[in-house]
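Notes follow once the structure below has been shown.
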Amino acid sequence: MRVLVTGGAGYIGSHTTLALLEAGHDVLVVDDLTNSHAESLRRVATLAGRPAQFVEANVRHDDVMEATFARFLPEAVIHFAGWKAVGESVAKPLVYYRENLDSTLTLLETMQRHGCTRIVFSSSATVYGAGEPPLSEDAPTGATNPYGRTKLMIEEILADASVADPDLAVGVLRYFNPIGAHASGMIGEDPQGIPNNLVPYVAQVATGRRAELSVFGDDYDTPDGTGIRDYIHVLDLAAGHLAALDYIRDHAGYHVWNLGTGRGTSVFEIISAYERACGHPIPYQVLPRRAGDVARSFADPSKAKRELGWEATRGIDEMCVDSYRWQSNNPRGFTA
Ligand code: NAD
Ligand code: WQD
């Protein structure tokens with residue numbers, strides 16, 4: 001298929017673009033590089049043995065999107081492009097609503113004009129708010145910050161659009177906590193500034209870029225007192241996109257799937273796994289809880305297994321080994 005990938009230069013987008021190329025699809029990436037580097041796509045081309053086409057543009061720019069659709073004639077879209085930092089979204093809500101909602105509306109309008117009826121969207125487990133795990137797709141939703149609200153609003157926009165157009169096929173993927181990197185160590189997560197997320201931070205401590213990790217709370221009602229999450233290898237996540245694409249090829253309508261492992265891992269367990277991966281201790285200090293964090297979150301991933309035939313296959317040790325390989329080969333990310 002000809003697949004247009006928005007945000008394809010980013011962390012999850014670059015791994016998925018590689019998987020699409022490896023599976024024989026033709027790929028065109030639209031990315032404005034606000035949170036990524038074109039170098040990621042050059043490395044994807046090296047790994048795949050052929051490139052994705054690349055348009056450097058904001059998805060909100062409808063003239064560029066119009067020309068790109070007219071030229072590439074995509075049969076499906078995977079929509080990764082979006083701003084994703086929870087704390088930043090509280091400080092800059094209007095930027096988040098403008099970037100995330102406007103880009104989705106422009107994309108859907110352009111798809112409609114060109115008769116493109118398949119879209120896979122990057123949603124997030126953040127839409128479950130403080131729900132009790134295991135979280136299945138019919139668990140109550142409720143976001144606690146502007147970023148999460150953009151995901152919920154986009155899900156509703158997609159659901160409404162699919163009611164209005166019975167040919168539209170929508171796959172909403174609610175990712176849990178994506179970590180890890182391609183086993184080559186050539187592509188991976190390259191956060192700008194101080195990492196917000198646990199594993200990118202641990203990776204920078206492991207390679208000496210930062211002195212110590214802050215553990216946000218060890219007094220949760222969990223076996224070791226630290227927060228529990230469902231970490232999923234980014235390559236398993238990429239495979240989930242291909243499975244969803246396959247499914248919506250001949251299933252119109254609105255579909256939602258969790259992409260997680262169904263297993264919870266604590267912060268202390270992540271530190272131990274990372275120490276095994278890098279071969280030395282990870283210095284840390286325990287601080288108070290971070291505002292807005294829940295004690296435990298993990299998926300019920302059975303719907304994706306049942307309907308897509310997809311399940312995560314990689315464990316925490318492999319995730320940490322692959323993360324460390326990427327981080328130690330590229331201590332400054334793609335800019336080094
Ligand atoms: P990322 O920042 O690495 O990738 C997003 C890409 O989109 C970047 O390359 C950025 O330059 C680009 N972009 C952003 N807004 C754009 C716009 N309007 N037009 C064109 N390009 C734009 O993030 P990621 O971790 O790869 O996340 C991809 C998607 O998955 C996002 O929608 C994110 O909200 C969602 N998601 C991520 C996580 C996670 O923990 N990484 C979890 C759940 C959901
Ligand atoms: C994991 C655990 C922290 C950093 C976030 C978003 C969510 C989704 C994924 C996009 C928690 C603890 C963290 C640190 C720590 N993104 N921690 N020290 O909060 O589950 O989810 O990313 O959709 O929307 O909210 O992930 O990696 O930030 O935290 O102790 O320096 O690690 O308290 O228990 P989270 P995380």
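Which of the residues spanning segment 283-319 are crowded, with 16+ Cβ neighbours inside 10 Å, β-branched (Val, Ile, Thr) and in a loop (DSSP other than H, G, I, E, B)?
Within segment 283-319, just VAL294 meets the criteria.
Grab the helices (runs of 4 or more DSSP H) fully contained in segment 95-209, keeping just those with 2 or more residues being over 30 Å from ARG332 (Cα atoms) and near ligand 1 (Cβ under 10 Å from one of its atoms).
Values: elements: 103-113, 146-164, 198-206.
Result: 103-113, 146-164.
Yes or no: GLY13 within 19 Å of LEU173 (Cβ to Cβ), within 16 Å of ligand 2 (Cβ to nearest atom) and small (Gly, Ala, Ser)?
yes
Quick check on my filter: what residues within segment 217-261 are assigned to a strand (DSSP E or B) and either within 21 Å of LEU21 (Cβ to Cβ) or more than 12 Å from ligand 2 (Cβ to nearest atom) (or both)?
Step one: list which residues in segment 217-261 are assigned to a strand (DSSP E or B), which gives 228-229, 231-233, 253-259.
Selection gives HIS233, GLY253, TYR254, HIS255, VAL256, TRP257, ASN258, LEU259.
What residue, of PHE54, PHE69, is under 20 Å from the mean Cα position of the chain (by Cα) and aromatic (Phe, Trp, Tyr)?
PHE54
Taking the residues in segment 81-94 that are small (Gly, Ala, Ser) and touching a helix residue (DSSP H, G or I) at 6+ places or on another chain (Cβ under 6 Å) as candidates, determine which candidate is farthest from ligand 1 (Cβ to nearest atom).
That would be SER89.
I'm trying to understand the selection: among the residues of segment 244-261, which are surrounded by fewer than 19 Cβ atoms within 10 Å (Cβ to Cβ) and touching a helix residue (DSSP H, G or I) at 6+ places or on another chain (Cβ under 8 Å)?
Within segment 244-261, ASP246, ALA252, GLY253, TYR254 qualify.
Which members of segment 319-336 meet the condition of being in contact with a Gly (Cβ under 7 Å, 6 or more places away or on another chain) and either more than 20 Å from GLY193 (Cβ to Cβ) or aromatic (Phe, Trp, Tyr) (or both)?
MET319, ASP322, ARG325, TRP326, ASN329
Kindly list, by first and then second residue, each pair from a residue in segment 22-40 that is under 21 Å from ALA67 (Cα atoms) and aliphatic (A, V, I, L, M) to a residue that is in a loop (DSSP other than H, G, I, E, B) and more than 10 Å from ligand 1 (Cβ to nearest atom), limited to pairs with Cβ atoms under 8 Å and residues at least 6 apart or on different chains.
Note: pairs meeting the criteria are VAL27/ALA52; LEU28/ALA52; LEU28/PRO74; VAL29/ALA52.
Could you check, for segment 153-174, whether at least one of its residues is closer than 28 Å to PRO283 by Cβ, more than 13 Å from ligand 2 (Cβ to nearest atom), modelled with pLDDT of 95 or more and out of contact with any Ser or Thr (no Cβ under 6 Å at 6 or more places or on another chain)?
Within segment 153-174 (the criterion being closer than 28 Å to PRO283 by Cβ, more than 13 Å from ligand 2 (Cβ to nearest atom), modelled with pLDDT of 95 or more and out of contact with any Ser or Thr (no Cβ under 6 Å at 6 or more places or on another chain)), the answer is no, since none of the residues qualifies.
Could you count how many residues in segment 159-189 are more than 30 Å from ALA277 (Cα to Cα) and either within 18 Å of the chain's Cα centre (by Cα) or of a type in the set (Val, Ile, Thr) (or both)? If you could, list the steps in order and put the result at the bottom.
Initially, segment 159-189 is screened for residues more than 30 Å from ALA277 (Cα to Cα), giving 159-172.
Among the residues that remain, those that are also either within 18 Å of the chain's Cα centre (by Cα) or of a type in the set (Val, Ile, Thr) (or both) are: 163, 170-172.
Residues meeting the conditions: 4.
What number goes with the only condition from (1) touching a Ser or Thr at 6+ places or on another chain (Cβ under 8 Å); (2) within 28 Å of SER136 (Cα to Cα) that GLU318 does not pass?
All conditions are met except number (1).
What number of residues within segment 320-336 are surrounded by 14 or more Cβ atoms within 10 Å (Cβ to Cβ), among the hydroxyl-bearing types (Ser, Thr, Tyr) and more than 20 Å from the chain's Cα centre (by Cα)?
Result for segment 320-336: 1.
May I ask you to verify whether SER89 is surrounded by 15 or more Cβ atoms within 10 Å (Cβ to Cβ), out of contact with any strand residue (DSSP E or B) (no Cβ under 8 Å at 6 or more places or on another chain), of a type outside the set (Lys, Arg) and assigned to a helix (DSSP H, G or I)? Before you say what the answer is, go through the steps one by one.
Values: surrounded by 15 or more Cβ atoms within 10 Å (Cβ to Cβ): yes; out of contact with any strand residue (DSSP E or B) (no Cβ under 8 Å at 6 or more places or on another chain): yes; of a type outside the set (Lys, Arg): yes; assigned to a helix (DSSP H, G or I): yes.
Yes: the conditions hold for SER89.
Going through segment 48-70 one residue at a time, which ones are touching a helix residue (DSSP H, G or I) at 6+ places or on another chain (Cβ under 7 Å) and loosely packed, with under 15 Cβ neighbours inside 10 Å?
Listed by number, the list holds a single entry, ARG50.
Across segment 30-71, which residue is farthest from ligand 2 (Cβ to nearest atom) among those that are among the charged types (D, E, K, R) and assigned to a strand (DSSP E or B)? Break it down into steps so the answer makes sense when it comes.
Keep residues of segment 30-71 that are among the charged types (D, E, K, R), which gives 31-32, 39, 42-43, 50, 56, 60, 62-63, 66, 71.
Cutting the leftovers down to assigned to a strand (DSSP E or B) gives us 31, 56.
Numbers: ASP31: 18, GLU56: 24 Å.
Step by step, filter segment 30-71, then rank; the result is GLU56.
The values are calculated or read from the model by the stated rules, or taken from the named source; none is laboratory data. All of these numbers come straight from a predicted model, not from anything done at the bench. Every residue, glycine among them, receives a Cβ derived from its backbone with ideal geometry; neighbour counts consider all protein chains shown.
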